[in-house]
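Just so it is clear, none of the values below were taken in a lab; they were calculated from the coordinates. On a predicted model such as this, the values are computed, not experimentally measured, just so you know. Ideal geometry is used to build each Cβ from the backbone, glycine not excepted, and the neighbour counts take in all protein chains shown.
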Amino acid sequence: MTARSVRDQFVTGLIAFVSSFFGVALVMGSTLVRDLVVGDDPEAAGTLAVAVMSVAWVFIGIGAYTAAVVTSNTFNTIVAGRVREIAQYRLLGATASSLRRKLAVEGLVAGVVGSLAGLLAALSTYRLVVQTNVAAGDLPDLQYSWFEPATVAPAIVAIVTVWLAAYVGSRAVARVSPVQALSADVETPAEQLRMGIGRTVVMWLLLGSGLALLLGGVALGLVSPLGVLVAFLGGVLSFTGVIVGSVAIIPRLMALVGRAFGRSAAAQLASGNAVRSPRSASRSSIGMVIGVALTVMFVVALATMSSIILADIAKEVDAAVAAEELEMFMTVIRIVTTIMVALTAVSAVLAAIGMVSNLSLSVLQRRRELGLLRAVGATGAQVRAMIVTESALASIVAVGFGAILGVFYGWAGAQATFGAVSRGLVAPAVPWQLVIAIVGATVLLGALAAVGPAIRATRIAPIEALRVT
């Protein structure tokens, strides 16, 4: 791999590392629960281990889903930055399929290195944490398992996920023509960035079928908790439809929100770039949309479930018993909410990596555009303001859109699970303090992500940025 390939694939390896580390940590956490319980009740330990492991794999799947989206978007960005190089290979006789395989192999190598590093880091961290707690007396001195065959599975999942996402994300190679090697303008034409008929049909099919199943699951939940299974399938399909259509949805939202930033040159250029390059705009935001939506979904689902159950407890028992049960139940809910937010945090971490990576690569790829702005009179401060405004737009749209989706999916999940308990539809319970904290952290992340690229964008002299390379 060349130095440029290593630089481009660093983010891919980092995504694989985080996914593998998170998955292995969950599996070893399940093993710890089994080891702690097995001495008291071996039969119960086996049952509990299966239950905990099942929950762990649900979250491993969520992490893999987010990693796949972020990796695919990263490779789209990498291809956009290598248009001239790819076109030169095409001019010399290389086929699009061979170049696509080359990129997929780069992703595979980065995925293997990152996943193995994540596996070793998770096992080492687990052993260190357990031994430290045993020495401190917080855990009993037992014969703990330091390695399980199942711990390899999350690393393999991370490798396969990154590899497949790299291949899917590199499909833009087919749109690069050999003649672009001879052109000074290597940007993808705007007309190629519109959502095609096939993509539009797929989006509406996924959205339509997903929403039908989701609402059907909510209706079924009024008579049976099995409605959550139908709602889950509908949620996956409809959310995938949102991701497929993000190239059309997110830029329009960014253009709309951009009006609130005023009529300054930086604000107009930032919102205009979102419409002119919708794929780049959606790539910068969709990972964060997923992270915010998942986190808010679990928070709202737990809050709505607790409100349904609390109302049922209050109706079924007398006040004295209810007060004691309510206090115990609220303690459990607080613990579960904390755990869920911590578990879904991996999606936010992956989304953050994706956003910072795409923003940095985007600035590198737009050297000519930024150099031209400097050449025609834009100051360094104005260019930095434009980049920061673009990041702010992406963050605000991602937070708002993700939060709305999270509230809806969280309510639907809670309603489909406990609708039979409430015997009717209930309003979503939104813990505003927690949601505001999530929103604030995401916006802050977006602002910080823009600082480095904005500074680097103005370090290059305009004449150097305009030079054809």
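In terms of other Cβ atoms within 10 Å, 390, 85 run from fewest to most in the order 85, 390. Amide H to amide H, with H built 1.01 Å from N, residue 221 comes under 5 Å of 227, counting only residues 5 or more places away or on other chains. In terms of surrounding Cβ atoms within a 10 Å radius of their Cβ, 141, 35 rank from fewest to most as 141, 35. Within the stretch 378-469, the trypsin sites (Lys or Arg not before Pro) that combine a DSSP coil assignment with at most 15 other C-beta atoms in a 10 angstrom radius are 423, 459, 467.
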